[in-house]
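Throughout, read-outs are computed from the coordinates displayed, never taken from laboratory work. Keep in mind the model is a prediction, meaning the values are calculated, not measured. Cβ placement follows ideal geometry from the backbone for every residue including glycine, while neighbour counts extend to all protein chains displayed.
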Amino acid sequence: MLERLKGDFDLAIITFFGGYSALGIAPFAVYRFLAGEYLLGTVDALIVASILGNMAYAWISGNMRRAGLLMACFNTLGCAAITLMFGHHGLFWVFVVVVTNFFLATRQFAVALNAILVFAVALHPTAFDLPLEQVSFLVTIMLVGVCTFLFAKRTATQREQLEVLASRDPLTNAGNRRLMEVELARAARQFARDGQEYSLAMFDLDHFKQVNDNHGHEAGDQVLAEFARLILRGTRKQDRLYRYGGEEFVLLMPGTDSRGAEQLLFQLQDTIRTSLRSPGGGVRVSAGVASLRAGEDWSRWLARADAALYAAKNGGRDQVVVDERESADSAPPSMERRRAGA
């Protein structure tokens, strides 16, 4: 659980704000019921239930964007209901909701929700005793909203920059190993939840050490960068390329079975043969393919793709080997070796 929170900032935000809000509001619900204020207590209880429900949805579905939007909507609706029904009771919560909306939802959506909430409360006849209170509320809540908007925007920009630095290989712009592990684990959860197919390919540039030894590491770096560019250009937007280490790369292909992945690999091999050159001549690539199987975790899945790549290297290089095993718990994998055009 802690590892998932560390690797998913949006889930951590939803969990923190949701848990803190639920713990903060729940005692009020209990107090209202004990004091005989059943309607207000019911509203508080419903808010807590909606917050906990959205937290559960975020953990189960992995859809942080939708979970954040739903939580922001429920928080705004609950705060508006308390204020409109009971006047001063909800005014303090307006400030909390305005701030948290900017971290739960997109900035544009948060601005819209906050504007609706603030003006609904400000125009309610029983929310303020004096016009001066109404003016003071509008001025202070707008200052809080503007400052939070700017802070959230700056924080989002910095987080995006840090995520790029922490998750990208600077030479090839492919994802790094850390990002690969996170996204492979996410794919395994998605497969277990709804059965969406995933395939994985491992690449290794054949005899790449000779490029570095004979022409220098700068030439080798240029080959690696061009290889990644060709792979990214030849794959779909939803496919993900990672640099596994040295001249090894991993390609994650959502919604693709082993046969579809094999055909894509043949096309990529043809592109590499015709377009990728080193100072010593053409560059070739070997690849191993494995589709995710039921009951399999990401590390075992990756190990099967690696075994298929090893078979391709031992089988003569410049070829695609597909792991044809039907079950994650069966005997050692059977491998099918094929060259493009075979």
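Summed over all non-identical Cα pairs, the Kirkwood treatment of segment 177-338 gives a radius of 15.9 Å.
With a Förster radius of 30 Å applied to the C-beta separation of ARG259 and ALA156, the computed FRET efficiency comes to 0.15. With the convex hull drawn over the C-alpha atoms of the chain, the volume per residue is 145 Å³.
Note on the chain: dipole from Cβ charges, positive end direction compared against MET64, LEU241, LEU292; the farthest Cα belongs to LEU241.
Its residue count N sets the reference 2.2 N^0.38 Å, and the alpha-carbon radius of gyration of segment 130-196 equals 1.97 times that reference.
To the nearest 10 degrees, how steeply does helix 91-104 sit against the main Cα axis of the chain, on a 0 to 90 scale? In the chain, helix 91-104 runs at an angle near 10 degrees to the longest axis. By how many degrees, 0 to 90 and rounded to 10, does the Cα axis of helix 9-34 deviate from the longest principal axis of the chain? Taking Cα atoms only, the helix is inclined about 30 degrees.
Toward the positive end of the charge dipole of segment 2-167, with +1 on the Cβ of Lys and Arg and -1 on the Cβ of Asp and Glu, the farthest Cα among VAL43, GLY19, PRO125 is that of GLY19.
For the chain, a crude dipole built from +1 on the beta carbon of Lys and Arg and -1 on the beta carbon of Asp and Glu, taken about the Cα centre, is about 440 debye to the nearest 20.
Here the Karplus relation 6.51 cos²θ - 1.76 cosθ + 1.60, evaluated at θ = phi - 60°, turns the backbone of segment 52-67 into coupling constants of 5, x, 5, 4, 4, 4, 5, 5, 7, 7, x, 8, 5, 4, 5, 4 Hz, with x for every Gly and Pro. The dipole here belongs to segment 1-136: it is taken about the Cα centre, uses +1 on the Cβ of Lys and Arg and -1 on the Cβ of Asp and Glu, and is about 360 debye. Rounded to the nearest 10 degrees, the angle from helix 131-167 to the longest Cα principal axis of the chain is 10 degrees.
Cross-link partners for LYS6 among the aspartates and glutamates, with Cα-Cα distance under 18 Å and sequence neighbours closer than 8 places in the same chain left out: GLU160, GLU163, GLU181, GLU183.
Comparing Cα centroids, segment 182-209 and segment 3-21 end up 25 angstrom apart. In percent, rounded to a whole number, the relative contact order of segment 2-167 is 17, using alpha-carbon pairs under 8 Å and six or more apart. If only the Cβ of Lys and Arg carry +1 and only the Cβ of Asp and Glu carry -1, the dipole of segment 177-338 around its Cα centre is close to 300 debye. In the chain, Cα pairs under 8 Å separated by at least six residues give a relative contact order of 12 percent. Distance from the Cα centroid of segment 251-317 to that of segment 130-177 is 40 Å (rounded to whole angstrom). Rg over Rh for segment 177-240 works out to 1.12, both radii taken from alpha-carbon positions and Rh defined as the Kirkwood radius. Would you please classify the overall shape of segment 1-158 from the alpha carbon gyration tensor, given that a ≥ b ≥ c denote the square roots of the eigenvalues, rounded means a/c under 1.5, and beyond that prolate means a/b larger than b/c while oblate covers the rest? Note, shape of segment 1-158 comes out oblate.
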